[in-house]
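Note sheet for the following structure.
The values are calculated or read from the model by the stated rules, or taken from the named source; none is laboratory data. Only a predicted model underlies this, so the values are computations on that prediction, with no experimental measurement involved. Reconstructed Cβ throughout: ideal geometry from the backbone, glycine too, with neighbour counts over all protein chains shown. With ligands, DNA and RNA removed, areas are computed over all heavy atoms of the protein, side chains included. Shrake-Rupley method; radii C 1.70, N 1.55, O 1.52, S 1.80 Å.
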Amino acid sequence: MRKSIFVWSAALLTVFAATGAMAAGALEGEAEKQPLNIPAIIMFLLFVAGTLGITYWAAQRTKTAKDFYTAGGGITGFQNGLAIAGDYMSAASFLGISALVYRSGYDGLIYSIGFLVGWPVILFLIAERLRNLGKYTFADVASYRLAQTPIRALSAFGALSVVLLYLIAQMVGAGQLIKLLFGLPYEYAVILVGILMIMYVTFGGMLATTWVQIIKAILLLSGATFMAVAVLHGFGYSFEALFQKAIEVKGTDAIMSPGGLVSDPISAISLGIALMLGTAGLPHILMRFFTVADAKEARKSVFYATGFIGYFYLLTFVIGFGAIVLVATNPEYLTPEGGLIGGNNMAAIHLAHAVGGDIFLGFISAVAFATILAVVSGLTLAGASAISHDLYASVFMRGQVNEAKEMAISKMATIVLGILAIILGIAFEKQNVAFMVGLAFAIAASANFPVLFLSMYWSKLTTNGAFLGGLLGLITAIVLVVTGPIVWVAILGNEEALFPYKYPALFSVTVAFVGIWLFSIMDNSERAKIDRDAFEAQDVRCQTGIGAEGAASH
Amino acid sequence: MQQDLVERIKNNPKYEELVSKRASFSWILSIVMLVIYYAFILVIAFSPSVLGTPISDSSVITIGIPIGVAIIISAFILTGIYTVRANGEFDELSKQIKEEAK
């Protein structure tokens, strides 16, 4: 039965992609859309065929809830490190950071560093405790010794907000990028991404999602390496010569030092907090720690992930400078006004053409598409787990649920989230979605992280404290983003922002921690006593891993 | 976890050793990373021109570039240092504690 559904949906998808390509041909006159890119489409179809093959293989091995949520806990540290790096190296960070370097040089490096330094701290303070306590989702850990209903509900709400915001941003990015790269209409691109991701997740669960992520990470790292080496080769592997030429092209050496990205100390610190603590509160990243066998493998995962991500950021820096010398000097890639054809984020894409011709451009375009696909799959799986494991099984059914039913709910949730992502992706086509990832990080840092962190570290934390403080952090983050310059001025068109800073994390994280502390120490309820008494046993499990979830034997 | 098992583990001096050694190690490394990062951010916020100084008179490369690259590499090295010690020494202690609690 399952086999035939899989084959049928794969067949439908092929027909769909083919009509999409034809429809694109008919619409060629449209302003922004590019002519149909045949090498890119062929390479993308190869990726899709390969990953659907993996999904089919994974579907045979995904039988229990543990398989579905965590790939049976059998992923190795090295594989998981690649998958984590894959989750983190989204198309937005590849195209966005190289574009930032292309525009303002050194500032791109500052941004990358902010994204990277959260990882060591996650390793030192969170990774192994999380692995020792949790089963499928980070809410397992946050609610380990607290009352299930309120904490699961809050965590699921935090997880779903992050997932949805991230999904919308990725979907809109996917639609626009694909329109540009492949010459497919926007709606087709969004629907295609939605259907593929539903297939990966519902049939192949975490195992398929992880392997799609690993393959994409390898493709992206190889492609970026080729580009960086090609750029350096042109300058006899001399950074001095590359930078010299870039300064000559730009007509200023401002690109070699910090510019306007970080203007005042409050913004600088606040951005740093959002990036660091936000990373430690992203549900799709935290879920990855349950896919490995034990704390040892969890640590290795972060070690490898940090290496891959750091290497990737070094490559994007070289790629951005490469684009300055090879793209900005070639009229083929520029509009008559001197901007990049297709918009600012296209620096890396044009560079791919400049160093590798049509075929390599096709490869990088296909990799960018694959990247979006892999990231949205991971997000959807995390969202579906929050619905089925946290909301349905723990809150709604109070833990009285059989595994088959929970998995069925999870698959339904995946389909609903996929359809929702398609609808929202189309609805937000013309909107400015750049603030959404920032808001997602702010919520992750202000609601998910403080509750998770204090539940593992602070013995006096109580259910009331965690719930009220976490909720306050969540509300503060949303209110400050909406009344801040990005939404209040740039999107809603008001004159002046009510809250002056772009990044609210410094304030909203403080509110969350103070709130949790205050409501916990004031808590004299019966439940508070249970919460505090349970810390000792939790801490022993945290420290030693006794009683932790093992890997499935198959 | 049963209360008697918790008690037995907590009374094992090796448990005390594991917890205190690991806590101080992980907090020290976290602080090292935070100090490196926030020192960098504060220089950018208060005195960005420092990072714009060329590494030598004849070069266009500013010291900001090797410093930035060094921060990225330091993040990787710090995770490596922690992983080696935790996967060796700490896991060994943890294994002994588990054996002795049986």
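Got a number for the accessible area of B:S74? Probe 1.4 Å, square angstrom, nearest 10.
Result for B:S74: roughly 30 Å² accessible.
Per residue of A:236-243, count partner chain C-beta atoms within 10 Å of its C-beta, then hand back the mean as an integer.
Mean shielding by partner chains, rounded to a whole number: 2.
At 0.36 nm per residue, minus the direct Cα-Cα distance, what do A:E403 and A:A490 gain on full extension? Give it in nm, one decimal, please. Intermediate results must be reported in sequence, preceding the final value.
Numbers: separation 87, 0.36 × 87 = 31.32 nm, distance 4.71 nm.
Using 0.36 nm per residue and subtracting the Cα-Cα distance, I get 26.6 nm.
Using the Kirkwood radius built from alpha carbon pairs, what does the Stokes-Einstein equation give as D for chain A at 10 °C and 1.306 mPa s, in µm² per second?
66
Express in nm, to one decimal, how much length is gained between A:W57 and A:I218 on full extension, taking 0.36 nm for each residue of separation and deducting their alpha carbon distance. Display every interim value, and only then the final one.
Details: separation 161, 0.36 × 161 = 57.96 nm, distance 1.98 nm.
That pair, A:W57 and A:I218, stretches by 56.0 nm at full extension.
If R0 is 45 Å, what FRET efficiency do you get for A:F499 and A:K529 from their C-beta distance, rounded to 0.05?
Working: r = 39 Å, r/R0 = 0.87.
In this case the efficiency is close to 0.70.
Taking the Cβ-Cβ separation of B:W27 and B:S49 as r and a Förster radius of 35 Å, what is the calculated FRET efficiency to the nearest 0.05? Don't jump to the answer; show the numbers that get you there.
Working: r = 34 Å, r/R0 = 0.97.
For R0 = 35 Å, the calculated efficiency reads 0.55.
Given B:L93, B:G52, B:A23, which one lies farthest toward the positive end of the charge dipole of segment B:2-101, if we put +1 on the Cβ of every Lys and Arg and -1 on the Cβ of every Asp and Glu?
Going by the Cα projections, it comes out as B:G52.
Report, as an integer, the average count of C-beta atoms from other chains found within 10 Å of each Cβ along A:110-120. Write out the running numbers ahead of the final one.
Working: counts 8, 0, 3, 10, 3, 0, 5, 12, 3, 5, 16.
Across the residues of A:110-120, the mean count of other-chain Cβ atoms within 10 Å is 6.
Work out the length of the dipole vector of segment A:474-554 about its Cα centre, built from +1 on the beta-carbon of each Lys and Arg and -1 on the beta-carbon of each Asp and Glu, and round it to the nearest 20 debye. Write down the numbers at each step before the final one.
On the way: 5 positive and 9 negative charges, 18 e Å.
So the dipole magnitude of segment A:474-554 works out to roughly 80 debye.
Relative to the first principal axis of the alpha-carbon coordinates of chain B, what is the inclination of helix B:91-101, with its axis defined by its Cα atoms, in degrees from 0 to 90 and to the nearest 10?
20
Per residue of A:539-547, how many C-beta atoms from partner chains lie within 10 Å of its own C-beta, taken as a mean? Walk me through the numbers before you get to the answer.
Numbers: counts 3, 11, 3, 1, 10, 11, 4, 8, 2.
That works out to 6 on average.
Given H placed on each backbone N at 1.01 Å, which residues far from A:L340 in sequence or on other chains put an amide H within less than 5 Å of it?
A:T335
Which one, B:N12, A:H353, A:I75, projects farthest toward the positive side of the charge dipole computed for the protein assembly as shown from Cβ point charges (K/R +1, D/E -1)?
Of the options given, the answer is B:N12.
Could I have the simple spin-label model distance between A:I426 and A:T510, label points 7 Å from Cα toward Cβ, reported in nm to one decimal?
Label at A:I426, label at A:T510, 4.5 nm between them.
Relative to the Cα centre, what is the charge dipole magnitude of chain A, using +1 at the beta carbon of each Lys and Arg, -1 at the beta carbon of each Asp and Glu, and rounding to the nearest 20 debye?
On the way: 30 positive and 31 negative charges, 295 e Å.
Here the size comes out at about 1420 debye.
Calculate the FRET efficiency for B:I81 and A:Y457 from the Cβ-Cβ distance with a Förster distance of 22 Å, rounded to the nearest 0.05.
Working: r = 22 Å, r/R0 = 1.00.
Efficiency, rounded to the nearest 0.05: 0.50.
Quote the relative contact order of chain A in percent (integer), defining contacts as alpha-carbon pairs under 8 Å separated by 6+ residues.
Values: 939 pairs, mean separation 156.4, N = 554.
For chain A, the relative contact order is 28 percent.
For segment B:2-101, evaluate the Debye formula with one uniform point scatterer on each Cα (no solvent term) and list log10 I(q)/I(0) at q = 0.12 Å⁻¹, rounded to two decimals.
These q points yield log10 I(q)/I(0) values of -0.59.
For the cross-link pairs A:K296/B:K14; A:K529/B:K102; A:K460/B:K95; A:K296/B:K10; A:K216/A:K502; A:K179/A:K411, which exceed 24 Å when the distance is taken from alpha carbon to alpha carbon?
Numbers: A:K296/B:K14 19 Å; A:K529/B:K102 29 Å; A:K460/B:K95 29 Å; A:K296/B:K10 22 Å; A:K216/A:K502 32 Å; A:K179/A:K411 29 Å.
Over 24 Å apart, Cα to Cα: A:K529/B:K102; A:K460/B:K95; A:K216/A:K502; A:K179/A:K411.
Which lysines does A:K405 reach when only Cα atoms under 22 Å apart count, and residues fewer than 8 places away in its own chain are ignored?
Straight-distance partners of A:K405: A:K3, A:K63, A:K66, A:K135.
May I ask you to compute the full-extension gain from A:M522 to A:L46, defined as 0.36 nm times their residue separation minus their alpha-carbon distance, rounded to one decimal in nm?
On the way: separation 476, 0.36 × 476 = 171.36 nm, distance 5.96 nm.
Net length gain for the segment: 165.4 nm.
Which peptide among A:396-405, A:413-422 comes first, and what is the full order, when sorted by highest mean count of other Cβ atoms within 10 Å?
Details: A:396-405: 12.1, A:413-422: 21.4.
Ranking the peptides A:396-405, A:413-422 by packing returns A:413-422, A:396-405.
Order A:E297, B:E99, most accessible first, counting only protein heavy atoms with a 1.4 angstrom probe.
Numbers: A:E297 40, B:E99 105 Å².
From most accessible down to least: B:E99, A:E297.
I need to check one value: relative contact order of segment B:2-101, counting alpha carbon pairs closer than 8 Å and at least 6 residues apart, in percent.
On the way: 45 pairs, mean separation 40.2, N = 100.
Normalised by residue count, the contact order of segment B:2-101 is 40 percent.
Post the alpha-carbon centroid distance, segment B:33-56 to segment A:85-120, in whole angstrom.
18
May I ask for the net charge around A:Y457, where only other residues with Cβ less than 10 Å from the Cβ of A:Y457 are counted and Lys, Arg are +1 while Asp, Glu are -1?
Details: positive: A:R129; negative: A:D539.
Every neighbour counted, the sum reads 0.
When the solvent-accessible surface of protein heavy atoms is calculated with a 1.4 angstrom probe, in what order do A:H353, A:H284, A:H233 fall, highest first?
Order by accessible area, largest first: A:H233, A:H353, A:H284.
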